[in-house]
Amino acid sequence: MFSRNQKQINSKNIEHPTMLTSLLLLLMLAPWCVGAQYPCAFMDTVNITGSYPHETHLASSSSSGEELTSNHSYIYKWMVVPPDLVAIYDFIMVNGQRVNTARHLRACVCKLKPCIRFCCNPGFYYNLQDNACQSLPSNDTTNLDQQAMPVRFGNGSTIAVNSSSHFLVNIGAPCENMSLVLKDNNRVNWLLYENGSIIHKQRYFSKHYCYSPLATRKGKDDETFVWHWEPLTCVPDRFPFTLGVREWTYAICLIITVICMIIVLFMYLLCTELRNTFYGVAIKTYTLCIIIGYSLLAHLTLTNPMDMTKYACSKIPIFAMLYLILSFYILTFISFNFYLSFFGILLSKLMFWFMFFPTVLITACWSFFVSYTSYNNRPVFGSDICWFDPRNYSIIVYFYAPILLACIFSGIFYILSLLRIGEMTNGDSSKMSVFTTHNCFQSFWIFVGYTLFAWLVCICSFVINYYRRDYTHINYVVCLFVAFHGFGAMYALLGKNQQVQQFLRRIDDDMDNDDMAEISVPMTTYS
C-alpha cells in the first residue's frame, strides 16, 4: 500500500536528535489525538514517524531574542502537514482487516496532494499468478517510466506529466490479491485523472488500485511482447455466494442421509433387544447428531450469508461442527465398548452418559474456541462465508483434525478387538458367550468403514480443489458419498444386524398371526 522502505522506530534511530524530537512531540500530541476521530481513510495516510517537525520563529519577550518553537506540524516531502491531518494510530489495515501495531504517527498526505499508486518499485512488475513483484526483463521495457504518466485534466486535455511532481507516489499493492479488469477478454482503457483516480465509463477507483507494467503480444501470431502501464484493482474481498446445480445436489444428498438416519433412529427406538443397551443408546445418539449436523449443513448450503444475521452466521456453524465432531467420538465409545466386551465386560447405558457428557463439554469448548479464532486475518466463522473459508486450510486444522483423531482411536480399538478375537478362538473357549455381540461388531465396523470412506472423499476433494484454486469442497463425487453415508447406515446398522432383523421378523410374524386369527373366526348367521 505504501513504500516498503519506510523507516521504523528502533534503538539506533532513537539516538538521532530528530527522532528524539518527534517522540517527544508524539507524547505531546497523545491527549489531543486519542480522543479525536481519524481525519481520513487509512489508505490516504503515510507513516510520518521520524519526520521533521515544522518549527517557526516566534518573538520572545526575554532579552535572549527569538527562540524556536513547534506548532505540531510536520514536514513530509517538502510539504507542511498541519496538525489536524495528523493522528496517532495503533493499527494498520491489511486486506481490509485491522491489525494492531505499536503506536505511531500518520498523516493524511493525500488530502494535501493527490496520490498515485504503483504496485512495485521501478524495475519490477506485479505477477498476478504469484501475487508478488518480480524483476522486469532487460529488453523491451524502455518505454516504461514512472515519471511520465498521461493524465486527464478537468478541461478535457490529456498531458504526460511528471508523476513525482504532480502526485505523491506510494509504492505497494493495496490488497493481497490484485486483478486485471478485462472486458470481453480485452484490457480496459483506463483514464488517470489529476486527482489520482482512475475511471473507465461507470467504473471508478480512487484508492484500491495500483499501476504495474503489463506485457501484451504485438499480434496474435507474434511472439514479441510490448510492455505498458496498466492499473490493477483489488479482488473483491467478499467470497461470492452461488446456488447452482452442484449446491442443490449437495443439499439434497444431505437431506437423503438425514432421512436414512431418521429411519435407523426409529428402528433402534422400537427394537427392544437394543433399546436400553450401551450399543443401542450410542447408535441412537449418533444418528441424532448426524441428523442435526447434516440439517444445519444443508441450511448453510442453501442460504445466502447476506440474508443471515451476523449472529446466525457465526453460531449455526458452531453447532454443526459440534454435532458432527461429536458423532465420530460416539463411534469411538462404541469401539471401546466392543473391545471390553471381548473380556466379558459389558458397559451399561449409564456408563455411556458418563462418557458422553464430558465429551460434549470438551467438544463445545473447542467449537466456541474456533468461532472466536482468526485464520489468515479472517474470522473462521461469520465473515463473508458462514462455513469454513475454502480459501485457506482452517477446515483441516479445526474440523478434520479432531475427526481424524477420533478415527485413529477407533482404529486402535478395532485392531485390539481383532487380536482379542484371535486369542479367544485359539484357546479361550470359556468366554465364547461373548460372541453373542459378534454380529453387532461386524455390522458396526462395516458402517464405520463406509463412514470413513465417505469423509475421506470429502477431505481429498477439499485438498484437490484448493490446489486447483477451485475454492469449494462441494462437487458431485462428494454429493454421491454423502448420500452413500446414509444408505450405508441403513444397510449395515439395519440390514446386517441380526437383532434388528429378528425384531422385524417377529413383527411380520405377529401381523401374519393376526391375519390368520381373523380368518379363523367363525361366521355367525343373523336372521
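The values are calculated or read from the model by the stated rules, or taken from the named source; none is laboratory data. This one's a predicted model, so the numbers in the text were calculated from it and none came from an experiment. So basically every Cβ, Gly included, is an ideal-geometry build from the backbone, and we count neighbours across all protein chains shown. For accessibility, only protein heavy atoms count, side chains too; no ligands or nucleic acids. Shrake-Rupley method; radii C 1.70, N 1.55, O 1.52, S 1.80 Å.
For residue 157, the accessible surface of its heavy atoms amounts to roughly 40 Å² (probe 1.4 Å, protein chains only, rounded to the nearest 10).
Give me the extension gain from residue 464 to residue 269: residue separation times 0.36 nm, minus the current Cα-Cα distance, reported in nm with one decimal.
Length gained, residue 464 through residue 269: 66.1 nm.
Ordered from largest to smallest accessible area (heavy atoms of protein chains, 1.4 Å probe), the residues 43, 351, 261, 490 come out as 351, 490, 43, 261. Once all protein chains are placed together, residue 369 keeps about 110 Å² accessible to a 1.4 angstrom probe. Around the amide H of residue 124, modelled in the peptide plane, lie the amide H atoms of 136, all under 5 Å away and 5 or more residues distant in sequence or on another chain.
Proximity of backbone amide H atoms, modeled 1.01 Å from N, is registered between residue 74 and 54, 81 at under 5 Å, excluding neighbours fewer than 5 places apart on the same chain.
A crude spin-label estimate for the pair residue 204 and residue 374, with each label 7 Å from Cα along the Cβ direction, gives 3.1 nm.
Net length available on complete extension from residue 397 to residue 299 is 33.0 nm, with 0.36 nm assigned per residue and the Cα-Cα distance removed.
The accessible area of residue 176, taken with all protein chains in place and a 1.4 Å probe, comes to roughly 110 Å². If you plug the beta carbon distance of residue 439 and residue 353 into 1/(1 + (r/R0)^6) with R0 = 22 Å, you get a FRET efficiency near 0.30. Measuring between their Cα centroids, segment 122-201 and segment 437-452 lie 63 Å from each other. The calculated FRET efficiency for residue 421 paired with residue 252, based on their beta-carbon distance and R0 = 41 Å, is about 0.55. When 158, 359 are compared by accessible area of protein heavy atoms, the largest-first order is 158, 359, using a 1.4 Å probe. Figure note: 103, 420 ranked by solvent-accessible area, largest first, 1.4 Å probe, ligands and nucleic acids not counted: 103, 420.
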